[in-house]
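Asker: Here's a structure for you.
Please treat every number below as a calculation from the coordinates, not as lab data. No experiment lies behind these values; they were computed from the predicted model shown. Note: ideal-geometry Cβ built from the backbone for every residue, glycine included; neighbour counts use all protein chains shown.
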Amino acid sequence: MFLLIGLIYLPLVLSISWIQYYVTNQLLEQLQINFSSSTLILYFSFVLMFVLIVFTINTFYYKTIVLVTYNYIHQRPLINGSLLREVFDNFFSLWLLMLRIAINYFLRSLLLIVPGIIYLINNFSVPFAFIFRQEKIEHAFTYNSIIMKGNTGRVFSLFLYPFIIYMVFALFINVFFSSVMDGSSTINNSSSYPFGLSLFSQIIFIVLYPILINAYLCLFLNAEAQKRLT
């Protein structure tokens, strides 16, 4: 199921990323030739639009993975029609919640990145509380605070290992494509380099992202069960 979702997700995101890369490059060239405020506004508008589109797709991908895993853990039959209904149920509210978390993460990451990472770790179960416990957005943050008590170390470990793996792979890919660029002037003058980086980065993301989400979901359910027993 995860492979099928990934096979749908990968070409969709890559196509959008390619369009975004092409359009923004064209606008940047126009800005370099003839700078104007209207072109600058158009450039940032396109960037914002594509960011929101990819963010929406990622939110859909996130909720689908979470629901598939949750159904599997509770041995609920997986019916495509019912799965899609569950995914779209309260999707806009979840989208607003994820956007709020993303904006807070971005603002905190401006302070040497570390505060943003701490924020993500401290609020890892907010989406789960919203999806599975039908909590309102503010109540989901409160519920998350209860779940986080005594589990900060476990959450940090689950975040750290995939992050290190991703960074190692990203470094390897960057070195590989840089060496290819240095050895080929044709590639150096084309868009193959950023497209190749985007392709391999998305493949790594598709492999690691479900693992990370599933680990966090299992931790959430385990911590929740422990809280109920105490």
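Asker: For the range 23-159, how big is the tail of P(r) above 27 Å, as a whole percent of Cα pairs?
Answerer: Taking all Cα-Cα pairs of the range 23-159, the fraction more than 27 Å apart is 37 percent.
Asker: Kindly state, to the nearest 0.05, the FRET efficiency for A225 paired with F156, given R0 = 22 Å and r defined as their beta-carbon distance.
Answerer: About 0.60, to the nearest 0.05.
Asker: Stretched out fully, how many nm does the piece from R133 to L52 gain, at 0.36 nm a residue minus the Cα gap?
Answerer: 26.5 nm
Asker: Using only alpha carbons, build the gyration tensor for the range 114-161 and give me the equivalent ellipsoid semi-axes, biggest first, whole Å.
Answerer: 20, 11, 9
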